[in-house]
1. Are any of the residues in the range 63-77 touching a Leu at 6+ places or on another chain (Cβ under 6 Å) and buried (at least 20 other Cβ atoms within 10 Å of the Cβ)?
2. When you scan the range 2-45, how many residues do you find that are more than 21 Å from residue 153 (Cα to Cα), without any contact (Cβ under 8 Å) to a residue 24 or more places away in the chain and assigned to a helix (DSSP H, G or I)?
3. Scan the range 70-105 for residues that are assigned to a loop (DSSP other than H, G, I, E, B) and at pLDDT below 90 and report the count.
4. Return the pair list, or none, for Cβ contacts closer than 6 Å from residues in the range 87-109 that are free of Cβ contacts under 8 Å to residues at least 60 places away in the same chain to residues that are among the β-branched types (Val, Ile, Thr) and surrounded by 12 or more Cβ atoms within 10 Å (Cβ to Cβ), at least 6 apart or on different chains.
5. Return the residue satisfying two criteria in turn: it lies in the range 33-51 and is aromatic (Phe, Trp, Tyr) and over 15 Å from residue 127 (Cβ atoms), and of such residues it is surrounded by the fewest Cβ atoms within 10 Å (Cβ to Cβ).
6. Please work out if residue 112 is among the acidic types (Asp, Glu), free of Cβ contacts under 8 Å to residues at least 40 places away in the same chain and surrounded by fewer than 18 Cβ atoms within 10 Å (Cβ to Cβ).
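The values are calculated or read from the model by the stated rules, or taken from the named source; none is laboratory data. Given the structure is predicted, the values throughout are model-derived calculations rather than measurements. Cβ atoms come from the backbone with ideal geometry, glycine included; neighbour counts cover every protein chain shown.
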Amino acid sequence: MQPILIGIDKLSAFIGKLFAWLILALTLSICYEVFARYLFRAPTTWVFDASYMMYGTLFMMAGAYTLSRGGHVRADFAYRLQTPRRQAMLDLILYVIFFIPAMIGLIIFGWDFFVISYGQNEQSSVSPDGPLVWPFKFIIPFAAAVVLLQGVAEIVRCWICIRDGDWPQKLNDVEEMEVLALEQARRAQERAAG
């Protein structure tokens, strides 16, 4: 089972890192707009649409990657004090009650949202020559499906932790500075005591 869970983590990481390149495109397009507007007195009509679409896409497509790395917001001050088994029980309950229904809702209603937009060949009404909107509306159900897949992997990890009493290994490529600082403080205390 562990290779499948790590494979899902790798897929989430790949998708998150792939879409992270939108940060560069977003930065370049906004810089271009600033130069065009203030240096050449020739503002664009497309940067506003492109920027909010790129940002929205980046935000949604980073969800699975963030979930795989435990980066979503939670009440850590209470959560960290619990044993791994209790953490897993709490996570499992929250996944079942809130996470799964929310992701299924996003997939269903996001798909309907996309289909209506595609059927109308919807274009942005914000700028005069607005770009097509339906490709970006497709991101809603797609991102929800990817997050749901990662969520299933996290649910399996919860079951394993409840059964074994410890969290199974995850694919990690980043770690919070707070975690690193606490680990360094613990090591310093051990050296001072020993």
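1. Looking for residues that are touching a Leu at 6+ places or on another chain (Cβ under 6 Å) and buried (at least 20 other Cβ atoms within 10 Å of the Cβ), one finds none in the range 63-77, hence no.
2. Residues in the range 2-45 being more than 21 Å from residue 153 (Cα to Cα), without any contact (Cβ under 8 Å) to a residue 24 or more places away in the chain and assigned to a helix (DSSP H, G or I): 12 in total.
3. Residues flagged as assigned to a loop (DSSP other than H, G, I, E, B) and at pLDDT below 90 within the range 70-105 amount to 8.
4. From the range 87-109, the pairs are 103/147.
5. 40
6. Judged against the criteria, residue 112 is a match.
Results for (1) farther than 30 Å from residue 93 by Cα; (2) surrounded by 13 or more Cβ atoms within 10 Å (Cβ to Cβ), shown as yes or no for each residue.
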| position | (1), (2) |
| --- | --- |
| 118 | yes, yes |
| 122 | yes, yes |
| 138 | no, yes |
| 150 | no, yes |
| 155 | no, yes |
| 165 | no, no |
| 178 | no, no |
| 184 | yes, no |
| 190 | yes, no |
